[in-house]
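The values are calculated or read from the model by the stated rules, or taken from the named source; none is laboratory data. In this text the structure is predicted, and so the values were computed from the model without any measurement. Note: ideal-geometry Cβ built from the backbone for every residue, glycine included; neighbour counts use all protein chains shown. In case anyone asks, the SASA skips ligands and DNA or RNA and just uses the protein heavy atoms, side chains included. Shrake-Rupley method; radii C 1.70, N 1.55, O 1.52, S 1.80 Å.
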Amino acid sequence: MEFSRRETIALGLGAAALTFMPFRVEAAAEEVISAFTGGADVGEGGVTITAPEIAENGNTVPIGVAAPGAAAILIIATGNPVPNVATFNFGELAGAQSASTRIRLAGTQDIVAVAKMADGSFVRTSAAVKVTIGGCGG
Amino acid sequence: MASGVKPRVKTPKTVVAGEAFTIKTLISHKMESGQRKDKEGNKIPRSIINRFTCEINGKSVIDVTMEPAISTNPYFQFDAVTEEAGDVVFTWYDDDGSVYDTTKTVAIG
Amino acid sequence: MGMYLLKTTAFAAGLALMAGSVAQADEGATLVINEELTIATTAKAPAHLENIDEITSGWIYRTKETQALQMDDFDNPAFVFVDIALDLWNEVDGTEGKSCASCHTDGPEEFAGLTATMPRIDKDGNLETLTEVVNRERVEKMGAKPWKYSKTNMASMTALIGLQSRGMPVNVAIDGAAAPFWERGKELYYTRVGQLDISCSNCHEDNYGVMIRADHLSQGQINGFPTYRLKNAKMNTTHGRFKGCMKNIRAVPYKEGGEEFKAIELYLASRGNGLTVETPSVRN
């Protein structure tokens, strides 16, 4: 196959666009979210993620989620081979609709939290976590 | 039953009725993700704890669905609230069918 | 002796290019464990150190999230292994029908202070590590098989024993009968090995605090060993870590439990004389 000069430049631009496109939730992650929400509209606000900006090791990344008044919170790691991380279902004796855990991240990526509120509505938020690639320690 | 599985939990001995208190839990478990390969290049089958629950006197505090992205030795921290003293029961469910549980008592102080 | 004083300029310059790319560690943080035990993460260098004025624990080079794991014993995953060791402590093994607890009736607390002075010279004038002491007792007193040098049971047991010295100053003897072993360790520390032709000192004396790729180089102190590493989610021994370092610089590692690593362990422990025993620590 041969390319003209113009075609080659166009290809190059396409590749560049792909490279610089802001990180978006991947298809597999969207599917998990749809399964959780049943396809309902998802708003913003009311749910927060606490996560390090830079994780020293992807094996053990401490994260916390909180959504006052939520019935459940779904956590997704959009760049993992299996995006699903955990779903916290809060019971009647929950002292707060928040929880912390330690998770595995396959690399630098966005973490998404989707909260199902008591009235059945959904809200989401995301946080970017950079995972460093070690020299000796990693 | 996976080997070396040992639950650890931390709860206050006494709590104030109606006031939130913090619970921490950690269970030793390798949480084999199903993504890794052995030296011969064969996939190591997934073997994880897939669910964790905490109840006080039979009422739910939290019920967590867990996936392989939860780190080795799963750790959770969360808040509970109770009006009355009683048993706090923690239960972990393993892929292999094993169930691990431990109970702590809280008093109202 | 003069050889190791030559600064490794080219190597240092290479590393310096990477410095400052990720400023993630909280080097000014104070380590307080369980809100009650304050650990000295910096100390005046012992007199024998010629090129460093202040010694620092590896804890200060970690991110604040990793640092936090060591500040509460419940949050510290190493305590999973301390618990395993407590079970092993009470487990009968060997031909004599004994456990550790059969003889050491006061519990592991009996060994408060031991790790702070290890390795040491045994009654025959040989250098001995805590791991060797545990195995000697297993064989001679219990009639049990020795554990492998860096396996989880041994690393957990030395962590349990080390915990009894947590908070105490590291204070290994380097004079008298220990002197020749210490000299050997020092020589090895400054000897370049492997395809990358690097000595311990090139990274951990000339360039601590600098980033090497995404890693923050520490002084290579061992006051927190055995340590729980996020990398492999288990306890790691000093000799296991030395082996890892040697593989990183593409050298053929010395043998775990062998005379080279034992001498290096003594020398490294002595470079930390004055720091606090942190065992079991949490590192990357």
Express the accessible area of chain C per residue in Å², computed with a 1.4 Å probe while the remaining protein chains stay in the model. 43 Å²
Shape call, the protein assembly as shown: gyration tensor on alpha carbons, a/c limit 1.5: oblate
Ordered by residue, what ³J(HN,Hα) values in Hz, to whole numbers, does segment C:88-102 give under the Karplus form 6.51 cos²θ - 1.76 cosθ + 1.60, where θ = phi - 60° and Gly and Pro are x? 5, 4, 9, 8, 5, 8, x, 6, 8, x, 10, 10, 4, 5, 4
Rounded if a/c is under 1.5, else prolate if a/b beats b/c, else oblate: with a ≥ b ≥ c from the C-alpha gyration tensor eigenvalues square-rooted, which is segment C:79-163? rounded
Length-normalised contact order of chain C, Cα under 8 Å, at least 6 apart, in percent, tallies to 27 percent
Quote the charge dipole size of the protein assembly as shown about the Cα centre in Debye, to the nearest 20; the model charges only the Cβ of Lys and Arg (+1) and of Asp and Glu (-1). 1400 debye
Alpha carbon centroid spacing (whole Å) that separates segment C:110-160 from segment B:62-109: 37 Å
Using a 1.4 Å probe over the heavy atoms of the protein chains, calculate the carbon and sulfur portion of the accessible area of segment C:79-163 as a whole percent. 51 percent
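As a test of the definition: with a 1.4 Å probe, what buried accessible area, both sides summed, do you compute for B against A, in Å² to the nearest 100?
Answer for the B-A pair: about 2200 Å² buried.
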Check each of the trypsin sites (Lys or Arg not before Pro) in segment C:71-128 and keep only those in coil by DSSP with at most 11 other C-beta atoms within 10 angstrom; list them in order. C:K123
Kindly write out, for segment A:59-71 in residue order, the coupling ³J(HN,Hα) from the Karplus curve 6.51 cos²θ - 1.76 cosθ + 1.60 (θ = phi - 60°), rounded to whole Hz, with x marking Gly and Pro. 5, 9, 10, x, 9, x, 10, 8, 8, x, x, 7, 8
Between segment C:217-250 and segment C:52-100, what's the alpha-carbon centroid distance in Å? 14 Å
Please state the charge dipole magnitude for segment C:40-83, taken about the Cα centre, from unit charges on C-beta atoms (+1 on K and R, -1 on D and E), reported in debye and rounded to the nearest 20. 120 debye
Determine, from the Cβ-Cβ distance of B:N42 and C:E183 and an R0 of 30 Å, the FRET efficiency 1/(1 + (r/R0)^6), rounded to the nearest 0.05. 0.05
Out of the trypsin sites (Lys or Arg not before Pro) in segment B:39-86, which ones are loop residues according to DSSP with at most 12 other C-beta atoms within 10 Å? B:K39
Listed residues B:S60, B:A17, B:I44: farthest to the positive end of the dipole of the protein assembly as shown (Cβ charges): B:I44
